[in-house]
């Protein structure tokens, strides 16, 4: 299998044209980024508000758990069947819209849940002191709660990103572009090398993006919060992975 | 000046945390709120800066109603120190201290340099400035908390159990330094504690609160110790009140007796010849007492520091009766060492002499009080 | 890899037809799907959304898919737990192993499930339709998730408890079984619930490689919507997945309560 995969990936024909790897990669990223941006724009402010005011926290955790239990593949098919008759005209939108709906739906819980948890878990004494010093409510939120919530927020973003990349792969089932096309085309053509190459590409993309976000986390989170400073015996936590929230990363 | 005017706080579930509290915290003085849990001391404190809003009554800041300010403006004019410091974990120490000046619009550079001044003032080394709170010890964090509260030079400081979260040795140090700071700055301070000893040590006036939010007594420490208003206060203030009250009485002129001394390092035979009884006081070349040497007949060699009994405490000429009595009682020779401001020997006093003086002074006072009561 | 007539891909042809982009009415279904088409016509759908009706008219098929789904979801959870317990213990006991083990686990968890489902036959050398292709990746995910949870759960046992247990004479193994694990149960069971619920959803992805499970209902629904949107099997699939997730979650909660009787006592505070 390995030789087959390598052959496929090193074949120059695969790297050009509308079915080439760069194109597919670009499509994949395109779908993913749109969904993530929408999810962040919606979930982050809502999460900050709910975490800060403390109202609706129980509802949030209920919603988050419920959506996480939904089979993403099923949701995808559902929305495709639901929305495609309503869309005429532009060819790709038929598949793009339901896919984006599902991707956004899947990204929302991680970002929302982690933002709420992050804000709620910000140091209570720091919050009290901030109010007592004369910070207004929004100053407390943005100057104290948000910076301290960053580890959880970014961890939620990482989970959401992995979820989206994985589901975008499956979305190729309904003839959208993206790296998943190699899997399904390979399946149709009974070409296991292509399938495997697609799988390797998807895995590679996921790992790369996660690494990128881990770097972002390293730079964005204050050292005072992550514990990343030299030498105070006994206070540095085990690894950056500490703040990871184990969430199903995959469709 | 902060004045509580018939202030009551009733919570939605019916509990009355503070019941018709009226008292005045004088400007430039430390007013302590003390009492058992559930007495409403923290609630009262937090009503001053409106972290909690009163159900009834008014709180006056000088001649203005605190309810008339906007909450955040009010708070920016008051330093707020809480039990676990509440430092911002995501900011460096210097940025933590600079918080309020920055909120008030001071330039970053100015705020930071003021922060550095304050860190020095509270006894911290400049090297902590760039560190994060998690890297500091509890005592250090408390100091930063105080520095932060002082940053905008507010006339009022509110402190909620500021020294409870550290161990006793550090606590005593912090308390002493705090008193020194207050001596320089003269702020109006309202401090909450559950520790009566801390209240007595720090407070200019102490408000003892009862469970249910009633004021039991509001008085200076000596009065609290010598004339508790009722059984509750008496019980809360604790036993050996009489003895502790002596800590507030300056001993005045103790008239210490001269004491023969021997310089450390001299000959033991010489020490024996100078001694009044079986003990001789050993001093440094600068006449600072080091300890007592037991006289052993026929002993030879030098007077070494390891031979000394350092059991006795010392009382300064400006010290209290309590310190004087303690010096006499703890000394192996029965004679308490009296020193001056430069730690040099002035002389010694016996327990008997100290007690005679105490009785003379208290006797005078009782006579005066009796005349006042009758007349 | 030659494919025509290869036993590896036997039966793939029919599945490939299902996997081919359906085109929703704009394309005629290419190859004759004789069996499927006939069945679709015979079982005339009673209503677009009537998933209960669909269930009634396809009960045996759906139940068999459900049965498949159940054991495909549950076995990895059980296996994963059995493997994760010793690995998590090692990570805790030999603290230098914690960072690398947790990092590897994180890495494995990052790989999208479809990638692993597709690569499994190549790695394991199995037939593409072999259910092991589903069990293997899902077990890996469960282990990856649980290693960290087990290590952290064991770490949550207070040191004084550990020390008093040793002082009373418990050997290492006995202490682990009788003291550490029971106390770690709540933390571990939270992770277990996440693993179980996510597995139920992940199994449906295996439709891509043709495995029989509830996900087939989704592809069926897609097929049957060529001319008119037909939601029944899709909704049925989603509902059954949700119910199954709920049941598994509940079972773990009940199991946890049984294992931790001390937590049921409500103390006056």
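Both the radius of gyration and Dmax for segment C:172-253 are 18.6, 66 Å, in that order, over alpha-carbon atoms. Look at the stretch C:237-246: the mean tally of other chain Cβ atoms within 10 Å of its residues' Cβ atoms is 4. Taking the helices alone, the protein assembly as shown has a mean residue ellipticity at 222 nm of -17500 deg cm²/dmol, built from -39,500 (n - 2.57) per DSSP H run of at least 4 residues and averaged over all its residues. Let me test this: with uniform point scatterers at the alpha carbons of segment A:90-198, what is the Debye-based log₁₀ I(q)/I(0) at q = 0.17, 0.22 1/Å? Log-scaled intensity ratios, in q order: -0.82, -1.05.
Peptide C:190-202 has a mean shielding of 4, counted as Cβ atoms of other protein chains within 10 Å of each residue's Cβ. Scaled to the globular estimate 2.2 N^0.38 Å, the Cα spread of segment B:318-361, given as radius of gyration, is 1.09.
Chain B has equivalent-ellipsoid semi-axes of 46, 30, 16 Å, by the square roots of 5 times the alpha carbon gyration tensor eigenvalues, sorted largest first.
P(r) tail, chain A: Cα-Cα pairs separated by more than 29 Å, 40% of all pairs.
Taking one quarter of the surface of the convex hull spanned by the alpha-carbon atoms of segment B:180-240 gives a direction-averaged projected area of 4.6 nm². At q = 0.14, 0.15, 0.22 Å⁻¹ the log10 of I(q)/I(0) for segment C:48-191 amounts to -0.78, -0.84, -1.26, computed by Debye summation with a single uniform scatterer per C-alpha, solvent ignored.
Mean projection of the Cα convex hull over all viewing directions, computed for segment B:93-149: 3.4 nm². Once C-alpha pairs closer than 8 Å and six or more residues apart are averaged by separation and normalised to the residue number of chain B, the relative contact order reads 15 percent.
Peptide B:266-279 has a mean of 0 when you count, residue by residue, the C-beta atoms of other protein chains within 10 Å of its C-beta. The C-alpha atoms of chain A define a longest principal axis, and helix A:93-120 lies at about 20 degrees to it. Protection proxy ranking for A:39-46, B:339-346, using the average of other Cβ atoms within 10 Å per residue and placing the highest first: A:39-46, B:339-346. By the Cα gyration tensor, segment B:276-375 has an equivalent ellipsoid whose semi-axes, rounded to whole angstrom, run 36, 14, 8 from largest to smallest. Descending by average beta-carbon neighbour count within 10 Å, the peptides C:47-56, A:188-197 line up as A:188-197, C:47-56, the highest first. For q values of 0.13, 0.14, 0.25 Å⁻¹, compute log₁₀ I(q)/I(0) with the Debye formula on a Cα-only model of segment B:120-179, without solvent. Debye output, listed in q order: -0.34, -0.39, -1.21. By the count of other C-beta atoms within 10 Å, a proxy for reagent exposure, B:51, B:1, C:168 are ordered fewest to most as C:168, B:1, B:51. Each of B:214, B:90 was scored by other Cβ atoms within 10 Å of its Cβ. Arranged with the fewest first, they read B:214, B:90. Cβ-to-Cβ counts within 10 Å put B:171, C:228 in ascending order as C:228, B:171, the fewest first. Taking only the Cα atoms of the protein assembly as shown, the ratio Rg/Rh comes out at 1.14, with Rh defined as the Kirkwood radius. Take each peptide in B:138-146, A:24-32, count the other Cβ atoms within 10 Å of every residue, and average; sorted highest first, the result is B:138-146, A:24-32.
A short reminder: the numbers here are calculations on the coordinates, not readings from a lab. These numbers were taken from a predicted model, which means no experiment stands behind them. Backbone-built Cβ (ideal geometry, glycine too); neighbour counts: all protein chains shown.
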